[in-house]
Amino acid sequence: MTAGLLFDEERHAYTLDGQPVPGVTSILKSVSAGAYAGVDPEVMARASALGTAVHKVIELDVRGVLDEDALDPQLVPYLAQWREFLQQSGFQPLVSEHRVASRRYGFAGTLDLLGWLNDKLALIDAKRVVRVMPATGPQTAGYELALREWSPELIGQDQPLDRFALQLVPNGRWRLHPMKDRTDSRTFLAALTVHQFNVRHYA
């Protein structure tokens, strides 16, 4: 379901029912900024670009249209880890890079993966990182809030949902990190409130 939700890929901007709304990662900048303080912006930009490429590889692989012969060599180890994760965990993807939004709270986002893991529905955020940051908990909680509102065809109203971060490291082994903090949703909504305050008064 994408009615009313538009995404400008070049600007990485969401529009919901004709009105601009913040994305999940933008909302959480106030939460995650401290983790990246002092990091060279060029290093951050390169890491972000590589992370985006890894997400695209996973998306195309889930859809069964990945052209492995054209794959950049630096992406090959991440594809191998992703496929090892599928084989070893038994994860069965339903959707990848799935856009969701919340009219109730006024935000949108693109969740990485939703599927079945150990007979339970699981929302997984793929991370090409050395260390999974604490903001990943509120991030996945934000996706869950929007998913439950926007895509009822994928998840029942009271259906349990597990949240994870899938850590992919070059020349290493994948790790699946459960996100179990019950305050994650409150933290996300608090960050959204701060974001909305800043937009009203300082934008």
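Quick notes on this one:
Residue-wise test of (1) touching a His at 6+ places or on another chain (Cβ under 8 Å); (2) buried (at least 21 other Cβ atoms within 10 Å of the Cβ); (3) more than 30 Å from V43 (Cβ to Cβ).
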| site | (1), (2), (3) |
| --- | --- |
| A101 | no, yes, yes |
| R131 | no, no, no |
| F164 | yes, yes, no |
| R173 | no, no, no |
| Q196 | no, no, yes |
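- Of the residues examined, R104 is not one that is modelled with pLDDT of 95 or more and over 20 Å from L6 (Cβ atoms).
- Matching residues, the range 72-94, being open to solvent by less than 30 Å² (accessible area, probe 1.4 Å) and of a type in the set (A, V, I, L, M, F, W, C): L75, L79, W82, F85, F91
- Cβ-Cβ contacts under 8 Å between residues 6 or more apart (or on different chains), taken from a first residue in the range 177-189 that is touching a residue at least 12 places away in the same chain (Cβ under 8 Å) and part of a helix (DSSP H, G or I) to a second residue that is of a type in the set (D, E) and surrounded by 19 or more Cβ atoms within 10 Å (Cβ to Cβ), are listed as S185/E144.
- Scanning the range 118-128 for residues that are over 10 Å from the mean Cα position of the chain (by Cα) and open to solvent by less than 10 Å² (accessible area, probe 1.4 Å) turns up L121, A122.
- Which listed residue is of a type outside the set (D, E) and closer than 30 Å to P73 by Cα, from G156, G172: G172
The values are calculated or read from the model by the stated rules, or taken from the named source; none is laboratory data. Keep in mind that this is a model prediction, so the values were computed, not measured. Every residue, glycine among them, receives a Cβ derived from its backbone with ideal geometry; neighbour counts consider all protein chains shown. Heads up: the accessible areas ignore ligands, DNA and RNA and are worked out on the full protein's heavy atoms, side chains in. Shrake-Rupley method; radii C 1.70, N 1.55, O 1.52, S 1.80 Å.
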